[in-house]
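Colleague: Quick one: the structure is below, questions incoming.
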C-alpha cells in the first residue's frame, strides 16, 4: 500500500509521543518513592527506571526527526521542519545526557521545550505564509493555544513560579500541552492529504 509523506510523518509523530507517555507512566511506577510534585521528570533518567526513560525520550527524538523529513517532503515548510528537527535533537540529547550531565542536559531540555512550543505555532503560521492551510479550524486555534500555554508555562517554570504544583507538577504543565498537540497533529496528518504538488514552493 502506498502511503503519502504526510501520513508517514503523522504516524511517526503519533507513535513517538505515545510510546514516551506510556514509558513515563511505567517509569514513575517503577521508581520507588517518586513524587510527581517534588521530583523533576529527568529524575526518572537517573533512578531505577533510567533505562526505560532514557531510551524512550531518545526514541521520541529519533522518530520526530525522521517524521520531520517526511513532513518536509509533504509540505515543504522550512521553518516548521527546522523547529521539529531542533525539538527532536533536544529530546535525543535529554536521553543521552542525563540530569547528572549538568549544563549540557539543561541545554538539551531547553531545545526541546522551546522549539516544541514554537513548532505548534509555526505549523499554523507557515500555513498562512505559504498560502496552504496545513491545519484548519478548530485545530489550528487549539495548536496556537497549546503552543502558547507551553511557552508561557516554560517561562514561569524557569522563573521558579510553580503555583503550588511543585517543580515536577509545573514541569508537567509545560510538557503535557505540547505532547497533546503532537499527538493531535500526528492524527491530523494521518487523515490529511499532502500539499498539492502544484502549490509547492519552487
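The values are calculated or read from the model by the stated rules, or taken from the named source; none is laboratory data. What you see is a predicted model; the values in this text were computed from it and never measured. In this analysis, Cβ positions are derived from the backbone assuming ideal geometry, glycine residues included, and neighbour counts consider all displayed protein chains.
Colleague: Given the conditions (1) under 22 Å from residue 166 (Cα atoms); (2) not in a helix (DSSP H, G or I), and given that residue 43 satisfies all but one, which numbered condition is not satisfied?
Modeller: (2)
Colleague: Could I ask something else about it? Only one of these is more than 23 Å from residue 157 (Cβ to Cβ) and within 15 Å of the chain's Cα centre (by Cα): 13, 26. Name it. Let's see the steps before the verdict.
Modeller: Values: 26 fails: within 15 Å of the chain's Cα centre (by Cα).
On inspection, the qualifying residue turns out to be 13.
Colleague: Something else about it: Just one of the numbered conditions (1) under 15 Å from the mean Cα position of the chain (by Cα); (2) buried (at least 18 other Cβ atoms within 10 Å of the Cβ); (3) at pLDDT 95 or above is not true of residue 39; which one?
Modeller: Evaluating residue 39 over (1) under 15 Å from the mean Cα position of the chain (by Cα); (2) buried (at least 18 other Cβ atoms within 10 Å of the Cβ); (3) at pLDDT 95 or above leaves (1) as the failure.
Colleague: Taking residue 163 as the residue in question, decide whether it is at pLDDT 90 or above and not in a helix (DSSP H, G or I).
Modeller: Working: at pLDDT 90 or above: yes; not in a helix (DSSP H, G or I): yes.
Judged against the criteria, residue 163 is a match.
Colleague: Shifting gears a bit: Testing residue 56 on (1) crowded, with 17+ Cβ neighbours inside 10 Å; (2) not in a helix (DSSP H, G or I), one condition comes back false. Which one is that?
Modeller: Unmet for residue 56, out of (1) crowded, with 17+ Cβ neighbours inside 10 Å; (2) not in a helix (DSSP H, G or I): (2).
Colleague: On the basis of being more than 22 Å from residue 9 (Cβ to Cβ), touching a helix residue (DSSP H, G or I) at 6+ places or on another chain (Cβ under 7 Å), buried (at least 16 other Cβ atoms within 10 Å of the Cβ) and without any contact (Cβ under 8 Å) to a residue 12 or more places away in the chain, does residue 97 make the cut?
Modeller: Values: more than 22 Å from residue 9 (Cβ to Cβ): yes; touching a helix residue (DSSP H, G or I) at 6+ places or on another chain (Cβ under 7 Å): yes; buried (at least 16 other Cβ atoms within 10 Å of the Cβ): yes; without any contact (Cβ under 8 Å) to a residue 12 or more places away in the chain: yes.
For residue 97, the condition - more than 22 Å from residue 9 (Cβ to Cβ), touching a helix residue (DSSP H, G or I) at 6+ places or on another chain (Cβ under 7 Å), buried (at least 16 other Cβ atoms within 10 Å of the Cβ) and without any contact (Cβ under 8 Å) to a residue 12 or more places away in the chain - is met.
Colleague: Pick from 158, 141: which is closer than 24 Å to residue 72 by Cα, out of contact with any helix residue (DSSP H, G or I) (no Cβ under 8 Å at 6 or more places or on another chain) and exposed (fewer than 15 other Cβ atoms within 10 Å of the Cβ)? Walk me through it before giving the result.
Modeller: Numbers: 158 fails: closer than 24 Å to residue 72 by Cα.
After applying the criteria, what remains is 141.
Colleague: Quick check on the range 62-75. Is at least one of its residues modelled with pLDDT under 95 and surrounded by fewer than 19 Cβ atoms within 10 Å (Cβ to Cβ)?
Modeller: yes
Colleague: On the given criteria, is residue 164 under 28 Å from residue 72 (Cα atoms) and surrounded by fewer than 17 Cβ atoms within 10 Å (Cβ to Cβ)?
Modeller: Numbers: under 28 Å from residue 72 (Cα atoms): no; surrounded by fewer than 17 Cβ atoms within 10 Å (Cβ to Cβ): yes.
In short, no.
Colleague: A further question follows. It is to be established whether one or more residues within the range 138-152 are more than 27 Å from residue 50 (Cα to Cα), over 17 Å from the mean Cα position of the chain (by Cα), part of a helix (DSSP H, G or I) and without any contact (Cβ under 8 Å) to a residue 40 or more places away in the chain.
Modeller: Yes: the range 138-152 contains one or more residues that are more than 27 Å from residue 50 (Cα to Cα), over 17 Å from the mean Cα position of the chain (by Cα), part of a helix (DSSP H, G or I) and without any contact (Cβ under 8 Å) to a residue 40 or more places away in the chain.
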